[in-house]
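Here the structure is laid out as structure tokens; the discussion comes afterwards.
The values are calculated or read from the model by the stated rules, or taken from the named source; none is laboratory data. Bear in mind that the values here come from a model prediction, so they are computed numbers and not experimental data. No Cβ is skipped: glycine too gets one built from the backbone with ideal geometry, and neighbour counts run over all protein chains shown.
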Amino acid sequence: MKKSLVSIIVPIYNSENSLSACIESIINQTYDNFELILINDGSTDTSEIICKQYASLDSRIHYINQTNSGASAARNHGIKIANGEWILFIDSDDYISKFYLSDLISLTRSTNVSLIVSSPIRKNSKGIVSSRPLLSNKYYFQEEGIINYINSGYLVYSEPHSKLFNTKIIKENSISFPEGMLIGEDAIFIADFLKYSECLVTTNKQGYYYCDSETSIQRKKYDYRKELLWFSKLKTSYQELAKKYNLNLDSASFWIILSPMMNRYLQAVCSCKDLSLQQMKYELLKLDKSDFKSYGKGRIYGFLGIVSKQLLNFGMISLYIYLSRIKNYNQL
């Protein structure tokens, strides 16, 4: 049987400390029919040298250099030149076990598989390993299956990594990562992909090691106007997905991701020293009333989080702002 070609796309920016381990984990896979596309996004460290060294030693490796444009642009560049039937995204900080590709590709032999989802293994800066609950081995067919997948809360697997994508679906439907977004762009890509999927597969096979960093983009705070724009774009994408499958956007299935995105905006506003309390309230009221009522669905919070959730659910915006200001003051 002919082995399917897998295109592995790795966006790279100043990853000299982790890049070799990432590439080594890929070239040492037991499944060897892949092309490795390294997209250097304008790194200023030795990442370019490392990429060129590996590309000179292995014909499966393709090295591309681009002006710094962000991870989304790098992934989109990789998609355009990908030749494989399947696409696997790997972050340059991360690595995979030697059987990972073989385990995923073995699940593609059923007809019309669109996407395979595995649960990543997380490692923090101290090397401590944690994992989301293992996914079950299950196939989700056609519209009914996609609805079941969404209602099972699996939109929480919103990252592009630890998944195997059918390339044909991406290219025929011009699916891409929104460029210019730093938060939420991955979830939009997944949502757009689900609109055209025929069969999803979840697996209990693990092997993707996600290395959490203190400098991760997810940990950074951005201007509240950008945070609102990014939240709004994700919400619009989820509205389209909900309409496609006749689902309720206000359900926990969607707000398990929308809540933390909205929380980023809330915290960006309430921690902005240039805004008065009245201006903060004005900014928060740019959200829809339904957003406040749905906030927190599908998430687990501590005591202060529960209080904040209740205040927002009941539209008590001023009290929420005062509580947030106290929390921010105590964290100084």
Single residue of 239, 206 found to be outside any helix (DSSP H, G or I), under 21 Å from the mean Cα position of the chain (by Cα) and not acidic (Asp, Glu): 206
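Okay, residues lined up against (1) at pLDDT below 95; (2) in the same structural domain as residue 153 (by TED's automatic domain parsing); (3) of a type in the set (Phe, Trp, Tyr); (4) buried (at least 16 other Cβ atoms within 10 Å of the Cβ):
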position: 193; (1), (2), (3), (4): no, yes, yes, yes
position: 201; (1), (2), (3), (4): no, yes, no, yes
position: 227; (1), (2), (3), (4): no, no, no, yes
position: 241; (1), (2), (3), (4): no, no, no, yes
position: 248; (1), (2), (3), (4): no, no, no, no
position: 255; (1), (2), (3), (4): no, no, yes, yes
Output for the stretch 87-113, where each listed residue is out of contact with any Ser or Thr (no Cβ under 6 Å at 6 or more places or on another chain), in contact (Cβ under 8 Å) with a residue 24 or more places away in the chain, outside any helix (DSSP H, G or I) and not acidic (Asp, Glu): 88, 89, 90, 97, 110, 111, 112, 113
Residue match in the stretch 47-54 (condition: surrounded by fewer than 17 Cβ atoms within 10 Å (Cβ to Cβ), in the same structural domain as residue 208 (by TED's automatic domain parsing), in a helix (DSSP H, G or I) and of a type in the set (A, V, I, L, M)): yes
Test: residue in the stretch 169-183 that is within 20 Å of residue 13 (Cβ to Cβ) and touching a strand residue (DSSP E or B) at 6+ places or on another chain (Cβ under 9 Å): no
Selection from the stretch 265-283 of residues that are within 12 Å of residue 225 (Cβ to Cβ) and of a type outside the set (Asp, Glu): 265, 268, 269, 272, 275
Single unsatisfied condition, residue 64 versus (1) over 17 Å from residue 161 (Cβ atoms); (2) of a type in the set (A, V, I, L, M, F, W, C); (3) in contact with a Ser or Thr (Cβ under 9 Å, 6 or more places away or on another chain); (4) not in a helix (DSSP H, G or I): (3)
